[in-house]
Amino acid sequence: MALYLLFESASGYGLFHAYGIDEIGQSVDAVRASVVDLDRFGKAVKLAAFTPFSSAVDALNQCNAISEGIMTDELRSFLELNLPKPKEGKKAKYSLGVVEPKVGSHISEVTGIPCQSNEFVQELLRGVRLHFDRFISELKKSDLEKAQLGLGHSYSRAKVKFNVNRVDNMVIQAIFLLDTLDKDINSFSMRVREWFGWHFPELVKIVNDNYIYAKLADYIKDKSELAEKDISKLADLIGDEDKAKEVVEAAKASMGQDLSEVDLMNVKQFAQRVMNLSEYRKNLYEYLVTKMNDIAPNLTSLIGEVVGARLISHAGSLSNLAKCPASTLQILGAEKALFRALKTRGNTPKYGLIFHSSFIGRASTKNKGRMARYLANKCSIASRIDCYSESATAVFGQKLREQVEERLDFYDKGVAPRKNLDVMKAAIDSMVNDATNDVDGGEKVDASAKKSKKKKSKAEADGEAMDLDKPSNVADEAEPGTEKKKKKKKHKLEEEPQEQEKSAAHANGDAEENGTPKKKKKKNREVSEDAEPKTATEGKKKKKKSKTEDSD
């Protein structure tokens, strides 16, 4: 069986015919030895066809398709044009060797060309790649290198863009910056306390919060200028009027040294910087909360925004976290302790970053390890739902949190928790109900809008009707009275004696020929169906029929 080789280069597609394999040898080692020698390898493989790419964009599209295991229309037309066509109803007497097995399976599914991808084919294609510029005389080696470099840059740029657009990278950067800001704000706040403490040392014992202390340092400046008139503003800054009075009294009897105006200005500027950093930290935390609710709502509702973001950043991405088993997620962040325990043959750590969750702190000492293992299991489930689900919903995270709460109650009080299957069913049902409610709400809004339009049109029609003359309304009111009279007439016709019916039948003999009695019969039938004694009415009908026949 003949063997053809498909080679995807940066400049185009190449098709090679391996016709002299017997000269090289059928084994992989023999091919490996002959690849380096062009004279020997050129006797076994020759170029059958080559088609260049039309542009750099076309080359990038073809490269992306090959990397995803997809055969493009250009590649299909190239193969169908240059490969020998088998006879109808017979199999092809050749096979196509490809590097990527996914591409080969797609080619065989679509075109029916038998493909193979093994170590022997890969060694042959390695030799083709090595001597590719020698097979095509018009293609220079420098041109091929330029094409490879340009395609490599564009392919990498496209992949990097795709990676940058992923939202979990923003979460990773935000949590890193949040941790850095916490360290910087703490160190800067301590510096403000030490610096302003030379001037007003008593303020440190009164105010413990760093942000409020920076506000007071910015407002007070010189302690000697504080008076009772400043108590209201100090109370607004501190949030406590008693502490504001205490600050004013402490300023009067302060043991701190006086500072020059230049020193006080520097202290004030530094305090303002600390305040700005604290405010930016708050805004960054709000940004992180919104991002985590968009990216991983279930993990956020289960374990919190900060701990969930730290898990994602330590794993590298949400997809990497979803691929981690629960045992790895449990000790994520405690790698040093793990390897130290393995080296010294000590006890391995029970938890890593997951320790910062409130559930671990609420558990008793003997149950912390159990709680960490259970919480890691639920975090693994939540991260996989967030990573692979198409619709963003926090229902599963809320249900998983309820399960963790039930597990805490089980450890403390012995209350049996629900099974995981029941909880997942309840979560799916609630999600389906929410979706149906949203659809019903949309339909109700549409229906209400249609009803309002109908009401408006009816109101306009009623307004036009009110402008008409009154006699028309009187005539309309008289219609129900006429209907009542007709009903009374029908009842009277039923109660009339048979003798009157005879005379009416003789008098209206001519009318019977025109079909008027049929209408009367229909009316009598409808009335007879409404009447309760059916047998009596049926008897009357029979008598009427017989009498009319006698008269005829």
Margin query: So, R0 is 51 Å and r is the distance between the beta-carbons of Asp133 and Glu109; what FRET efficiency does that work out to, to 0.05?
Written below: 0.95
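Rounded to the nearest 0.05, what FRET efficiency is calculated for Trp195 and Ser27 with R0 set to 56 Å and r the Cβ-Cβ distance?
0.10
Would you mind getting the accessible area per residue of the range 45-161, heavy atoms of the protein chains only, 1.4 Å probe, in Å²?
Accessible area per residue: 62 Å².
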Note to self: Can you classify the range 353-433 as rounded, prolate or oblate using the Cα gyration tensor, where a ≥ b ≥ c are the square roots of its eigenvalues, rounded means a/c under 1.5, and otherwise it's prolate if a/b beats b/c and oblate if not?
What the structure shows: oblate
Next item on the list: Mind checking the full-extension length gain between Asn208 and Ile231? Use 0.36 nm per residue of separation minus the Cα-Cα distance, one decimal, nm.
Entry: 6.4 nm
Next item on the list: Once you've got the Cα coordinates, tell me which of Lys229/Lys282; Lys343/Lys378; Lys46/Lys140; Lys378/Lys425; Lys223/Lys268 are over 21 Å apart.
Entry: Lys229/Lys282; Lys343/Lys378
Next item on the list: Please say if the range 296-432 is rounded, prolate or oblate, where rounded means a/c under 1.5 for a ≥ b ≥ c the square roots of the C-alpha gyration tensor eigenvalues, and otherwise the choice is prolate for a/b larger than b/c and oblate otherwise?
Entry: oblate
Next item on the list: Give me the accessible area per residue for the range 169-284, probe 1.4 Å, as a whole number in Å².
Entry: 58 Å²
Next item on the list: Quote to one decimal, in nm, the extra length available between Thr180 and Glu405 on full extension: 0.36 nm per residue of separation minus the C-alpha distance between them.
Entry: 77.8 nm
Note to self: Run the simple label-point estimate for Lys91 and Asn437 please: 7 Å along Cα→C-beta, distance reported in nm.
What the structure shows: 6.1 nm
Note to self: Only four residue types carry charge here, +1 at the Cβ of Lys and Arg and -1 at the Cβ of Asp and Glu. Report the dipole size of the range 121-222 about the Cα centre in Debye, rounded to the nearest 20.
What the structure shows: 580 debye
Next item on the list: Compute the distance in nm between two label points, each set 7 Å from the Cα along the Cα-to-Cβ direction, one at Tyr19 and one at Arg340.
Entry: 7.0 nm
Notebook entry, point to check: Rounded, prolate or oblate: which fits the range 1-153 when a ≥ b ≥ c are the square roots of the eigenvalues of the alpha-carbon gyration tensor, with rounded for a/c under 1.5 and prolate only if a/b beats b/c?
Noted result: oblate
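The values are calculated or read from the model by the stated rules, or taken from the named source; none is laboratory data. None of these values were measured; they are calculated from a predicted model. Glycine also receives a Cβ, built like all others from the backbone with ideal geometry; neighbour counts cover every protein chain displayed. The accessibility values were calculated without ligands, DNA or RNA, using every heavy atom of the protein model including side chains. Shrake-Rupley method; radii C 1.70, N 1.55, O 1.52, S 1.80 Å.
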